[in-house]
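Reading through the structure tokens given below for one structure.
The values are calculated or read from the model by the stated rules, or taken from the named source; none is laboratory data. Model, not experiment: these values are computed from the prediction. All Cβ positions, glycine included, derive from the backbone under ideal geometry; neighbour counts span all protein chains shown. Just so you know, the surface numbers come from the protein's heavy atoms only, side chains and all, with ligands and any DNA or RNA stripped out. Shrake-Rupley method; radii C 1.70, N 1.55, O 1.52, S 1.80 Å.
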Amino acid sequence: MRWTILMVGCVCAAGACTPTRDDVPPPTHPPSAAPPTAVFEVRVPAAFERDAADSERVALRAVYGETNKGLCKALVARDAQKAKAAFAPGFSGRAAAAQPDDAAPVGRLSVTTYPVDPAPVDADAFVARALAWVQDLARVDACKIKPYRFKLAADHTWAWAELSVHVDGVTDDGRRITRRTKWLAEYARQGEGDDARYLLRRAESKPVQQVAAPQGAFTDVSRWVGVTEPHDETTRATLASERDGGSIETIGGLAVVDWNDDGFDDLLAWNRLRFFSLFQNDGKGGFEARHDLLPLEAVGTVQAIVDLDGDGSEEVVSGRVTACVEGDQGSFPVFTRKGDALVPVATLPVTIPCGGHGGMQYQTIVAHDVDGDGDLDLFVGGYGTETPRGDFNKFDSTDGQANLLYINQGGLRFTEEAAARGLDGTRFTYAATFTDLDGDGRDDLFVVNDYGPNEVFIGRPGGRFQRALLPPLTGYGQSMGVTVADLDDDGALDIYVSNMQSSAGNRIVPLFEGQLRPETYEGLMRMAAGNTLFRRRADGTYEEAAGPLGLAGANWAWGQAIVDLDNDGHREVYVLNGETSHSTEKENDF
């Protein structure tokens, strides 16, 4: 029983198998120094700053921006003296041990765990242990020591933090190494006013997990085989500049389909309002590109590629409202193949205010035979609009676009029946999936949302649905993707959900503990917690997997794919995450 999380920019894993130490030799650590103090303790302030702005100012500027980033820069430079500048006089800490307590292969990966040495060490020894994280790396791609939880003492003279510590790089022989842990840390203020610094006074490491991926696990060959963006050099340079500044929106998707029925998989890729491209497999390892299949105004965030009329040829359904006429009647366009072209053949009607119809956002289209008549119907998940919302309720919003359900009447004719069939959701829906959640033989609908809790609609006879509370599925999550698969090999289908993991949320929300209703506090913490795996129990209910059944964190997770990437019989979870994609390999996504 094992699985792996792969993330954009880094690789990490969790599992437990037969010990081995062949993949990557453990880094060499210096011996522990004599304990500088007889008693070791990392304190949490009983009275702490409740003003989020003041707390964040210290957490981000003094702790993360100065001390922690300075420590990372020194570690990357292998400069022990500069690294010691992050430590207060009399520092005491507990670091990871010099030798691992286990190592386990997970597919082609090797996962090694280093326990915590119980003997306290001084700053020199703690720095030397930290330098071991980078000493075997030819290139360090990332070093982050980020406050995940933070409490500033009420008098601002010291602070406590739970730090997420991450180093990622490549060895001389091309292997990618990721090392992760958490530190519980205590900072002491040095100086006064604007010149004050917060230096590490205590730090206790949690066990370090090291993941090694072999050389050549994946190679980006897109440009070599003809799968590239359809932009000229000037446009590409402009997009790269905007991308690095974080000011460009690039959202779209990718589909794999045998477009011309020649037995070879082709690629469809799109970016909302910018391009819709077909990369046709030539059967010889290359692709021929076409970028003129759809008008740009018809390219939405999401497209469904599915055979709706049973003729063996897929239709393309756009998730963008492209027409709106009198009476607030709009429509989603439906295209079908005709020779080498895509031609409009139908529309899906939607009642929507025409004035801003171009800014209405729909994030998912799911094909499923809802009414059991043998053809595919379409669930369209409504999100929101591009209009600024002012004092928008980001915790429990119900003023998103209404979810839609199009029942297939044959001949590419559809009627919208969401409300009539019990699918009355108006939250900010990102993704959805049909699966039998209650074991009655009928498929139910699980809807994952932004800005509020997720939703379950239980399937009833005649293709109707009834809203239901089904913990833990219907909890909060800032959810953006969902996939159903058996991840623990017990024969039951589990549910993986990609959620936003927010360091800021985990720092700020605890400042209000005791001032919020318990259910509100729990919901806010859940919205910042990150990805979840809901394991199906033997009795048909669900539990959030933890411990050995849990998943490694995937940061700000969006979509995912669950597939056996290394053909070892076990599925991996590939997660796309981040907020910004940079134009150079040296700049990591975040």
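Do any strands (runs of 3 or more DSSP E) lying entirely in region 390-438 carry at least 1 residues that are small (Gly, Ala, Ser), and which ones are they?
Here the list reads 428-435.
Restricting region 471-492 to residues that are surrounded by fewer than 18 Cβ atoms within 10 Å (Cβ to Cβ) and hydrophobic (A, V, I, L, M, F, W, C), which is modelled with the lowest pLDDT?
Ranking the candidates gives ALA492 first.
PHE48: more than 20 Å from SER503 (Cβ to Cβ) and touching a residue at least 40 places away in the same chain (Cβ under 8 Å), yes or no?
Answer is no for this residue.
Name the residues in region 445-462 that are surrounded by 20 or more Cβ atoms within 10 Å (Cβ to Cβ) and assigned to a loop (DSSP other than H, G, I, E, B), would you?
Hits for region 445-462 are TYR451, GLY452, ASN454.
Out of region 424-435, which residues are closer than 19 Å to MET360 by Cβ and open to solvent by less than 30 Å² (accessible area, probe 1.4 Å)?
If the condition is that a residue be closer than 19 Å to MET360 by Cβ and open to solvent by less than 30 Å² (accessible area, probe 1.4 Å), then GLY425, PHE428, THR429, ALA431, ALA432 are the ones that fit.
Somewhere in region 134-152, is a residue among the small types (Gly, Ala, Ser), open to solvent by less than 50 Å² (accessible area, probe 1.4 Å) and modelled with pLDDT of 90 or more?
No, there is no match, as no residue in region 134-152 is among the small types (Gly, Ala, Ser), open to solvent by less than 50 Å² (accessible area, probe 1.4 Å) and modelled with pLDDT of 90 or more.
Sort through TRP183, TRP160 and tell me the only one that's open to solvent by less than 40 Å² (accessible area, probe 1.4 Å), part of a strand (DSSP E or B), free of Cβ contacts under 8 Å to residues at least 40 places away in the same chain and not small (Gly, Ala, Ser).
After ruling out the rest, the residue left standing is TRP183.
Rundown of residues vs (1) surrounded by fewer than 16 Cβ atoms within 10 Å (Cβ to Cβ); (2) without any contact (Cβ under 8 Å) to a residue 12 or more places away in the chain; (3) within 30 Å of TYR521 (Cβ to Cβ), yes/no style:
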| position | (1), (2), (3) |
| --- | --- |
| GLY384 | no, no, yes |
| ASP396 | yes, no, yes |
| LEU405 | no, no, no |
| ASN408 | no, no, no |
| ARG413 | yes, no, no |
| ALA418 | no, no, no |
| GLY422 | no, no, no |
| LEU437 | no, no, yes |
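If you take the residues in region 493-523 that are open to solvent by 10 Å² or more (accessible area, probe 1.4 Å) and of a type in the set (Phe, Trp, Tyr), which one is farthest from the chain's Cα centre (by Cα)?
My answer is PHE512.
Can you give me the number of residues within region 166-180 that are of a type outside the set (A, V, I, L, M, F, W, C) and surrounded by fewer than 17 Cβ atoms within 10 Å (Cβ to Cβ)?
Within region 166-180, residues that are of a type outside the set (A, V, I, L, M, F, W, C) and surrounded by fewer than 17 Cβ atoms within 10 Å (Cβ to Cβ) number 4.
Closer than 30 Å to LEU576 by Cβ and either part of a loop (DSSP other than H, G, I, E, B) or of a type in the set (Asp, Glu) (or both): does that describe PRO510?
no
Can you go through ALA125, ALA86, ALA80 and tell me which one is surrounded by fewer than 21 Cβ atoms within 10 Å (Cβ to Cβ), at negative phi and not aromatic (Phe, Trp, Tyr)?
Criteria check complete, one pass: ALA80.
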